[in-house]
1. When the dipole is taken about the Cα centre of the chain, and only Lys, Arg (+1) and Asp, Glu (-1) are charged at their Cβ, what size is it in debye, to the nearest 20?
2. Taking a cut-off of 14 Å between Cα atoms, list the aspartates and glutamates near residue 8, but don't count ones fewer than 8 places away on the same chain.
3. Would you please name the GluC sites (Glu not before Pro) within segment 33-78 that are DSSP coil residues with at most 12 other C-beta atoms within 10 Å of their C-beta?
4. If you compute log10 I(q)/I(0) by the Debye sum over Cα atoms at q = 0.17, 0.27 Å⁻¹ for the structure shown, which of (1) -0.63, -1.45; (2) -0.83, -1.17; (3) -0.80, -1.56 do you land on?
5. Computing the accessible area with a 1.4 Å probe over protein heavy atoms, can you report the carbon and sulfur percentage for the chain?
6. So what is the accessible area of the chain per residue, in Å², with the probe set to 1.4 Å?
7. Sort the following peptides by mean Cβ neighbour count (other Cβ atoms within 10 Å, averaged over residues), highest first: 50-56, 23-29.
8. Using helices alone, what [θ] at 222 nm do you get for the chain, with -39,500 (n - 2.57) per DSSP H run of 4 or more residues, divided over all residues and rounded to the nearest 500?
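The values are calculated or read from the model by the stated rules, or taken from the named source; none is laboratory data. Predicted, not measured: the structure shown is a model, and the values here were computed from it. Using ideal geometry, Cβ is built from the backbone for each residue, glycine included, and neighbour counts are taken over all protein chains shown. All accessible areas refer to the heavy atoms of the entire protein, side chains included, with ligands and DNA or RNA removed. Shrake-Rupley method; radii C 1.70, N 1.55, O 1.52, S 1.80 Å.
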Amino acid sequence: MANKITKKELSEVKEVSNNFNNTLYQLGHMRLVENELLIKAAQERSVVENVKKKLQDKYGNIDVDLKTGEYSESNKED
C-alpha cells in the first residue's frame with residue numbers, strides 16, 4: 001500500500017498549486033497585453049510624427065490648439 005496524505009491535505013495542496021499557477025498565467029497574460037500596447041503606442045507615435053511633418057511642411061513650425069484648430073508660430077525647435 002502506498003503512503004498518502006489526507007484528503008484535506010491533498011485538497012489544500014491542489015488549491016495552493018492552482019492559485020499559484022493561475023497567478024503565473026495572469027502575469028503572463030499581463031506581459032502579453034503590455035507588449036501589444038507598447039507596439040500599438042509605437043505605431044501611433046509614428047502616425048503622430050507623420051501628421052506633424054505634413055503640417056510642418058505646409059505651415060512651418062507651429063503650435064496647434066487641438067480644441068479650435070487655431071495655430072501660432074512655435075518658438076520650440078523640433
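1. Computed charge dipole of the chain: roughly 620 debye.
2. Candidates past the 8-residue exclusion: nothing left.
3. 70, 77
4. Comparing each candidate, only (2) matches the computed number.
5. Its accessible area is 55 percent carbon and sulfur atoms.
6. 100
7. 50-56, 23-29
8. The helix contribution divided over the chain gives -25500 deg cm²/dmol.
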